[in-house]
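Novice: Just passing along the structure, written as structure tokens.
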Amino acid sequence: MIISAPNLVSGGAFTGPGAVEIRDGRIVKIFSGNVEADICLTHGFLSPGLIDLHNNGAFGVDCATATPAQWDGYIAKLAECGVTSVLPTVITAPLEVLHAAAANVAGAMARHGAILGLHLEGPFLAPARRGAHPAQHLRLPDAAALDELLAMPPMRAVLRLLTLAPELPGALAAIQRLAAAGVTVSLGHTDATASQMSAGVDAGARMVTHVFNAQPPLHHRAPGAPGVALNDARLSPCLIADGVHVDPLLLKLAFAACPRAIAVTDSILLAGLEPGAVREFGGAPARLGPQGVGLRADGTIAGAGITLDEGVRRLISYGVPPETALAAATSRPAEALGLVDRGRLAPGQRADIIWWGDDFSIQRVWTAGAATPALTTPRGTEAAQAALADLDERPTLEIIRAFLAQEAAAQSTLNAVAPALAALADAVAARLRAGGRLFYAGAGTSGRLGLLDAVECGPTFGLPPGIIVPLLAGGTAAFIQAAEGAEDDTQAGAAALRAHHFTAADALVGIAASGATPFTLAAVRYARGLGALTGAIVNNPGSPLAELAEIAVQIASGPEVIAGSTRLSAGTTQKIALNTLSSTVMLRQGKVFGPYMVDMRATNAKLRRRALRMTMDITGADETAARIALAQCHDHVKTAALMLLRGLPAAEAAQKLKSAEFSLRRALNAEE
């Protein structure tokens with residue numbers, strides 16, 4: 001199987017276009033340039049699957065106690081989010097509980113290649129920096145404790161990463177012993193000074209757990225754990241990417257300063273649940289707060305409530321370059337843990353691949369070459385912006401700015417669809433020149449925007465009725481009074497086309513923010529069955545309508561400020577796309593000369609004044625001459641301009657325009 005995309009990203013760099021060939025669950029070849037592919041993606045980019053090295057659980061599943069069925073659901077849902085490799089993490093607990101967790105993870109690893117082993121976060125932590133870890137189960141990392149920890153075969157088999165505080169008595173010897181046994185040691189939950197951190201690195205530690213959290217702050221005279229973590233080239237520092245555990249400005253600074261920095265979630269079982277959900281974690285209740293963070297009753301942070309794809313999006317929104325954010329969640333964690341078979345798009349790698357949209361939403365995921373099921377969580381325009389959970393409590397000015405910021409962000413994505421819009425405009429123009437018509441089909445806001453564009457083209461471009469035909473679910477009455485149920489009527493779309501005697505000579509553009517409106521899908525399916533030109537304008541890339549249409553304009557406008565209310569930024573971008581499409585088509589039909597709408601119908605005083613100004617501007621004639629010419633051709637700017645520029649009577653100018661297919665430019669060029 002070959003999958004092509006406009007861009008590929010791997011190892012911290014974007015390239016493209018390109019393609020990936022997969023065979024037997026492995027990548028066998030990377031192609032540069034355009035190639036014939038089994039799956040040809042028209043937007044977005046491909047990256048390696050995400051690797052989360054600090055994940056206590058998600059979707060209601062606690063990695064410490066998960067059942068086989070829960071492991072299955074946990075891995076499947078993580079894969080939907082692009083997380084194709086995960087290191088389940090278990091926090092401080094009695095050693096018998098940790099041994100049971102290790103046996104549990106061993107059983108899950110036998111069924112799921114996505115599970116990398118076990119990360120023990122504790123019990124060898126500094127009491128003053130224990131955070132959400134139960135104090136009564138903390139231990140010193142002495143030889144007896146290590147003997148007890150490593151006594152059971154399942155623990156020795158699955159333990160890949162262990163977090164400990166390097167300043168504790170016996171810690172340096174423990175680091176040496178663990179490193180010799182093939183366990184990566186991460187320094188964390190520590191009160192260590194910079195020299196104590198460096199001693200831990202000299203002993204063999206190679207990672208740092210959630211830099212800035214559960215450790216002394218960075219000070220200009222006492223760099224401590226954060227200073228060593230970000231400066232020692234032997235260390236891979238992990239940072240929680242939710243923007244709550246660490247301020248976004250510090251995240252941006254850390255990822256700019258350290259080329260080894262890794263993005264993790266430190267998620268707990270609350271991740272993926274609704275805000276306000278409460279579950280027990282580490283022996284005490286935790287609640288999912290509005291910013292996607294798990295909180296104890298006293299306000300202590302218990303862990304994150306996001307998945308790693310959301311972490312990547314947040315990092316990018318904070319100003320971390322996309323290629324850096326993606327490397328921090330793919331190639332860097334693979335290198336830190338010594339994973340040679342994943343983390344990059346390269347031959348020999350496990351075929352864990354993500355198709356991202358241009359808005360960095362997950363479109364599709366392949367795990368070991370197998371496509372994951374369709375996403376079960378809302379995405380695109382239907383998704384909620386977690387950062388706006390307190391929107392209704394904000395000051396009015398801040399609310400207004402949130403709306404305007406989303407509008408600006410959505411409109412900025414239109415440049416990416418310019419090639420698709422151009423292709424659709426050229427194809428529609430060709431149909432119209434051959435005598436065909438342009439139809440719009442849509443429901444709700446999308447349908448109303450189509451109707452509005454069709455109506456406005458008449459007077460603007462002097463277009464006769466019936467050339468651009470809008471089909472609105474529920475009929476024209478739905479323009480004034482919402483007919484929400486009409487969008488589900490799959491018979492109405494095709495029936496409306498038949499009523500207008502739609503043929504293969506015509507063109508149909510379906511408009512739907514979701515890309516899944518039944519009315520619109522049915523209309524496009526009917527038109528395509530006849531062999532007509534079909535186009536789509538959607539705001540959820542990779543949607544059914546985009547896949548169905550011959551030419552799809554896929555605007556990645558992203559989640560709305562009010563989730564699912566696509567009359568907002570999705571509607572704005574659709575309106576701009578429709579304006580651009582129809583205006584470009586009219587340009588190609590010769591109905592515009594330079595910037596002038598020379599086929600405009602001058603039906604009122606304002607438009608007659610405009611016609612006069614345009615005629616004077618185009619020809620350089622004075623007002624009197626322009627008025628006389630316009631009076632002789634019923635205020636038709638195109639005819640009046642040709643009369644004045646070539647000294648022709650009205651009838652002869654009209655005939656020459658007809659011979660030039662009604663293009664003023666071609667008529668003028670023919671006279672030269």
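The values are calculated or read from the model by the stated rules, or taken from the named source; none is laboratory data. Everything quoted here is computed from the prediction, not taken from an experiment. Note that each Cβ is placed from the backbone with ideal geometry, even for glycine, and that neighbours are counted across all protein chains shown. Only protein heavy atoms, including side chains, enter the accessible area calculation; ligands, DNA and RNA are left aside. Shrake-Rupley method; radii C 1.70, N 1.55, O 1.52, S 1.80 Å.
Novice: Which residue, of Ala135, Ala102, is out of contact with any Gly (no Cβ under 9 Å at 6 or more places or on another chain), among the small types (Gly, Ala, Ser), farther than 19 Å from Leu273 by Cβ and at pLDDT below 95?
Specialist: Details: Ala102 fails: at pLDDT below 95.
Exactly one residue qualifies, and that residue is Ala135.
Novice: When you check Ala174 against the structure, is it in contact with a Gly (Cβ under 8 Å, 6 or more places away or on another chain) and of a type in the set (Gly, Ala, Ser), yes or no?
Specialist: Details: in contact with a Gly (Cβ under 8 Å, 6 or more places away or on another chain): no; of a type in the set (Gly, Ala, Ser): yes.
No.
Novice: Another one. Cβ-Cβ distance below 7 Å, separation of 6 or more or different chains: which pairs start in region 235-252 with a residue that is free of Cβ contacts under 8 Å to residues at least 60 places away in the same chain and over 12 Å from Ala325 (Cβ atoms) and end on one that is in a strand (DSSP E or B) and open to solvent by 20 Å² or more (accessible area, probe 1.4 Å)?
Specialist: His245/Ile301
Novice: Restricting to strands (runs of 3 or more DSSP E) lying wholly in region 251-332: which have 3 or more residues that are modelled with pLDDT of 90 or more? Please lay out each step first, then the result.
Specialist: Numbers: elements: 262-264, 278-281, 284-288, 293-295, 301-304.
The strands (runs of 3 or more DSSP E) meeting that bar are 262-264.
Novice: Now for a different question. Would you mind finding the one in Arg610, Arg665 that is in contact with a strand residue (DSSP E or B) (Cβ under 8 Å, 6 or more places away or on another chain) and charged (D, E, K, R)?
Specialist: The conditions single out Arg665.
Novice: Quickly run through region 209-226 and pick out the residues that are farther than 19 Å from Pro127 by Cβ and either of a type outside the set (A, V, I, L, M) or outside any loop (DSSP other than H, G, I, E, B) (or both).
Specialist: If the condition is that a residue be farther than 19 Å from Pro127 by Cβ and either of a type outside the set (A, V, I, L, M) or outside any loop (DSSP other than H, G, I, E, B) (or both), then Phe212, His219, His220, Arg221, Pro223, Pro226 are the ones that fit.
Okay, residues lined up against (1) out of contact with any Cys (no Cβ under 7 Å at 6 or more places or on another chain); (2) open to solvent by 10 Å² or more (accessible area, probe 1.4 Å); (3) over 19 Å from Val9 (Cβ atoms):
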| position | (1), (2), (3) |
| --- | --- |
| Val320 | yes, no, no |
| Ala327 | yes, no, no |
| Ile353 | yes, no, no |
| Asp359 | yes, yes, no |
| Ala368 | yes, yes, yes |
| Ala383 | yes, yes, yes |
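Novice: Only residues that are open to solvent by 50 Å² or more (accessible area, probe 1.4 Å), closer than 30 Å to His133 by Cα, among the β-branched types (Val, Ile, Thr) and in contact (Cβ under 8 Å) with a residue 12 or more places away in the chain: list them for region 29-70, please.
Specialist: Scanning region 29-70 gives a single hit, Thr65.
Novice: Only one of these is surrounded by fewer than 17 Cβ atoms within 10 Å (Cβ to Cβ), in contact with a Phe, Trp or Tyr (Cβ under 7 Å, 6 or more places away or on another chain), touching a residue at least 12 places away in the same chain (Cβ under 8 Å) and farther than 23 Å from Leu150 by Cβ: Gly73, Gly18. Name it.
Specialist: Result: Gly73 is the single residue among Gly73, Gly18 that is surrounded by fewer than 17 Cβ atoms within 10 Å (Cβ to Cβ), in contact with a Phe, Trp or Tyr (Cβ under 7 Å, 6 or more places away or on another chain), touching a residue at least 12 places away in the same chain (Cβ under 8 Å) and farther than 23 Å from Leu150 by Cβ.
Novice: Being out of contact with any Pro (no Cβ under 6 Å at 6 or more places or on another chain), basic (Lys, Arg) and either farther than 25 Å from Tyr440 by Cβ or in contact (Cβ under 8 Å) with a residue 24 or more places away in the chain (or both) is the requirement here; does Arg601 meet it?
Specialist: Here the answer is no, as Arg601 does not meet what is asked.
Per-residue answers, yes or no, for (1) touching a Ser or Thr at 6+ places or on another chain (Cβ under 8 Å); (2) touching a residue at least 40 places away in the same chain (Cβ under 8 Å):
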position	(1), (2)
Tyr318	no, yes
Thr367	yes, yes
Arg394	no, no
Ala405	no, no
Gln411	yes, yes
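Novice: Here's a check for you: in region 256-271, which residue that is touching a Leu at 6+ places or on another chain (Cβ under 9 Å) and either of a type in the set (Asp, Glu) or open to solvent by 10 Å² or more (accessible area, probe 1.4 Å) (or both) is farthest from Val90 (Cα to Cα)?
Specialist: Ala257
Novice: Among the residues that make up region 401-408, is at least one of them among the basic types (Lys, Arg), touching a Phe, Trp or Tyr at 6+ places or on another chain (Cβ under 9 Å) and more than 22 Å from His54 (Cα to Cα)?
Specialist: No, the conditions are met nowhere in region 401-408.
Novice: Kindly indicate whether Thr615 is of a type in the set (Ser, Thr, Tyr), over 23 Å from Asp426 (Cα atoms) and more than 50 Å from the chain's Cα centre (by Cα). Give the derivation first.
Specialist: Values: of a type in the set (Ser, Thr, Tyr): yes; over 23 Å from Asp426 (Cα atoms): yes; more than 50 Å from the chain's Cα centre (by Cα): no.
Spelling it out, it is not the case that Thr615 is of a type in the set (Ser, Thr, Tyr), over 23 Å from Asp426 (Cα atoms) and more than 50 Å from the chain's Cα centre (by Cα).
Novice: In the list Leu388, Leu414, Leu397, Leu345, which residue meets the criterion of being in contact with a strand residue (DSSP E or B) (Cβ under 6 Å, 6 or more places away or on another chain) and either surrounded by fewer than 24 Cβ atoms within 10 Å (Cβ to Cβ) or not β-branched (Val, Ile, Thr) (or both)?
Specialist: After ruling out the rest, the residue left standing is Leu345.
Novice: Can you tell me which residue is most open to solvent (accessible area, probe 1.4 Å) among those in region 172-191 that are closer than 24 Å to Ile301 by Cβ and in contact with a helix residue (DSSP H, G or I) (Cβ under 6 Å, 6 or more places away or on another chain)? If you could, list the steps in order and put the result at the bottom.
Specialist: We begin by selecting, within region 172-191, every residue closer than 24 Å to Ile301 by Cβ; these are 185-191.
Narrowing the set further to residues that are in contact with a helix residue (DSSP H, G or I) (Cβ under 6 Å, 6 or more places away or on another chain) leaves 185, 187, 189-191.
Working: Val185: 1, Leu187: 0, His189: 8, Thr190: 0, Asp191: 65 Å².
By that ranking, first place goes to Asp191.
Novice: While we're looking at this one, here's another question. Kindly list the number of the only condition in (1) surrounded by 16 or more Cβ atoms within 10 Å (Cβ to Cβ); (2) closer than 22 Å to Val86 by Cβ; (3) not small (Gly, Ala, Ser) that fails for Arg26.
Specialist: Failing condition for Arg26: (1).
Novice: Here's something else I'd like to know. Pick from region 232-245 the residues that are assigned to a loop (DSSP other than H, G, I, E, B) and modelled with pLDDT of 95 or more: which of them is surrounded by the fewest Cβ atoms within 10 Å (Cβ to Cβ)?
Specialist: The selected residue is Ala233.
Novice: Restricting attention to region 423-447, report how many residues are open to solvent by 50 Å² or more (accessible area, probe 1.4 Å), in a helix (DSSP H, G or I) and either small (Gly, Ala, Ser) or modelled with pLDDT of 95 or more (or both).
Specialist: Total satisfying the criteria: 2.
Novice: Tell me whether region 192-200 contains one or more residues that are open to solvent by less than 70 Å² (accessible area, probe 1.4 Å) and in contact with a strand residue (DSSP E or B) (Cβ under 8 Å, 6 or more places away or on another chain).
Specialist: Yes, region 192-200 has at least one match.
Novice: May I pose another question? For region 371-380, indicate whether the set of residues that are closer than 18 Å to Ala570 by Cα and either open to solvent by less than 50 Å² (accessible area, probe 1.4 Å) or at pLDDT 90 or above (or both) is non-empty.
Specialist: Yes, some residue in region 371-380 is closer than 18 Å to Ala570 by Cα and either open to solvent by less than 50 Å² (accessible area, probe 1.4 Å) or at pLDDT 90 or above (or both).
Novice: Then there's this: Among the residues of region 622-633, count how many are open to solvent by 20 Å² or more (accessible area, probe 1.4 Å) and either under 30 Å from Leu421 (Cα atoms) or not in a helix (DSSP H, G or I) (or both). Break it down stepwise before answering.
Specialist: Step one: of region 622-633, the residues open to solvent by 20 Å² or more (accessible area, probe 1.4 Å) are 622-625, 627-628, 631-632.
Then drop every residue that is not either under 30 Å from Leu421 (Cα atoms) or not in a helix (DSSP H, G or I) (or both), which leaves 622.
Adding up the residues that qualify gives 1.
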